[in-house]
Structures are given as structure tokens and as C-alpha cells.
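Below is one structure, written out as C-alpha cells; the observations come after it.
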């Protein structure tokens, strides 16, 4: 990794990325999943909530940033470019594995009496292989390669729809009668073969960040790359195209939803279309605001911008802190919900106090993000 500062950036994209990271931090920081607002929780299988917008939002932002990166490196030879891409993806994948094994590592470090096997045996036996960062790494490689050879907006759009079609056909061919059944679908079948149940999320027979969902997730990045190219142009005509694409994707999502379900765990085609449609509209609004009212927009969205300048670092640190606070015991409950109980639990209704606690949790990390921003420290992979 390297640390550097850049003077010229697309500020609206930094804000968009920051919004995605703040959303991810908030939904991960819920201290009581039984009593929280439903919109703060991931849907268990079918449907969509605010929480389900976090991860695809970051994938979309990664695609938009990739469009900028490709423009700057368009004259590089393929071997040189691929070397940089594989280096970044490799680091991201390894960071994802580190993120996954933190609960096991912390348990052996801080609660050694609660484990009966060695650290290596624990990791080998139940360490999770895939996750958020690993999926980002895999999608990044495919997306960059395709972005290098797909030169027009229509090329990107058609490629995204091709990936969605492949994903959808796979579900229907595997199980024509019940393609999206929770216990038996192509995604879970692949997960049980590789990496295997013991290495899936929570030891289940299905991993929400498994291999098969990466197909449709690649479409999310390609659509983000399309948005990034339009934002780079910055003309009123291209911004109107961005708005138009958002509306087209929404319409396509309505039609596709007649065949496939909306499912974040499976990362289905309608899920990609609806989330990408929303992101294009948000990106459009942000760019318009920064074009018409740059100083006011910069002031109002500054907290989100500083989060968006160090997204992976902030995500890793908040994840490590949450893992440790959920692991450490306190009277009657884990330390993290205990903090909620001791601070804002009595303010308003229980769901509201949970929401308030997650906001305060984000504010705590805003201090670190602001410090890094003011010191011009931007950690990039």
C-alpha cells in the first residue's frame, strides 16, 4: 500500500463513497438486532432495505473511481496495467481474509480460556474465505479489464446486462421450479462445494458473499463505471444521460422483477438494477449540487467526504473495533450492547435509541477521518 495526497479529485464521488461507507458502518453497529428499525437491518432473503444499499453503493463507487483510474492509465501497456490491478486486488483479498479471521484471532488473544483448539486448527477448521473485501477484489479485476476494452456507454450497459442475464439463467437452469429457494439454489450449491459449509458465513450452507453472486456484482461495478464516465464529462448533456440511465434501470428492474426476486444475499438482477438506478440518481443530484453550489455543497457534505477519502482503512478499523467490543464480556451482555445500554438506551423509543447510538458511533469515527484528512493522509491500495 502507499500513502499519498491528490490535489484534483471528483468531490461528488468522494461524497458518494463516504455515504456508502457511513451506511456500512451504521448497519454494522446496530447493538440490538431484535428491536432495531427494520430499515436498519439487512433483509433475510427477499426484498430490499436501506441497509441493503450499503455494499452495492460501495461497489458502484468503485466502478466510478475505476473509470477515472482507467482514463489516467489508458496509455499503459496491458502487462503494466494488469500488474497494478492484480497487486491491488491481491492486497484487498488478503485484507478481507484478515478481516474475516479477526473474531478468531481476538478470541485466542483475549479469551484464551474459551477455546479448546490451537489458533491454526481454528482458522483451518472454520475460517471464512470470502467476504465483502474479497468480493470487491474479484469484481475489481474483472471490471477493470472490461473497462479497458469497452469504449462506449452502450458497451458498458450491454456488458452489465449480459452479466445479469448469465446470473439469472444460472438460477433458473439449476432449479426451474424454485430457482431462488433458500435451501436449494445454484449459489448455495456452489458454496457447499467451495469453500464448503465450514468456511461460509457463520458456518451456514450459504455465503452471501460467495462466488456466484460475484457475477451479478460485476454488473454493479460496470454500471458504476458508466456513471463515472458520465461524471468525468461533466457536461449538462452527460448529466442528463446519467439521469436517463437511472430511470431506464429502474424500469428494467420492474420488468425483471416479474421473473427474478429482489435479493441482496443472492445479489440478483433486479437487486442490481434497482440499487444502481438509485445510485445514478444520487450521483446525478450530488454532481448538480456541486456544480451549482460548490462551496455550500462542500461544507454540507464535508463529513461524508472525509469518510470517502479513506474508505478501506475506516471500514477495517471499525470492523476490528466492533469485533472486539462484541467479543469482550460485561455484566449480562457483551460490551458493545452494554455501551448502548449505558448511554442512549433511555432516550425515546428503543428503535430510536438504537438509531441514535449508530449515529454517535459514526461520529466517533468521523474524528479519525477528519484527522487523516487534515493531515493529508490518504491510504490507498
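The values are calculated or read from the model by the stated rules, or taken from the named source; none is laboratory data. Treat the numbers as computed from the prediction; the structure is a model and nothing was measured. Note that each Cβ is placed from the backbone with ideal geometry, even for glycine, and that neighbours are counted across all protein chains shown.
In region 307-327 there is no residue that is on the phi < 0 side of the Ramachandran plot, modelled with pLDDT of 95 or more, outside the structural domain of residue 132 (by TED's automatic domain parsing) and out of contact with any helix residue (DSSP H, G or I) (no Cβ under 9 Å at 6 or more places or on another chain). Filtering region 113-145 to residues that are at pLDDT below 90, part of a helix (DSSP H, G or I) and out of contact with any helix residue (DSSP H, G or I) (no Cβ under 8 Å at 6 or more places or on another chain) leaves only 113.
Take the residues in region 151-183 that are in contact (Cβ under 8 Å) with a residue 60 or more places away in the chain and assigned to a loop (DSSP other than H, G, I, E, B); name whichever of them is surrounded by the fewest Cβ atoms within 10 Å (Cβ to Cβ). Only one residue fits best here, namely 182.
When region 35-89 is filtered for residues that are outside the structural domain of residue 262 (by TED's automatic domain parsing) and farther than 29 Å from residue 260 by Cα, only 35 remains. Counting residues in region 49-70 that are under 15 Å from the mean Cα position of the chain (by Cα) and farther than 22 Å from residue 305 by Cα gives one or more. All conditions but one from (1) buried (at least 16 other Cβ atoms within 10 Å of the Cβ); (2) under 20 Å from the mean Cα position of the chain (by Cα); (3) not assigned by TED's automatic domain parsing to the domain that holds residue 253 apply to residue 32; the one that does not is (2).
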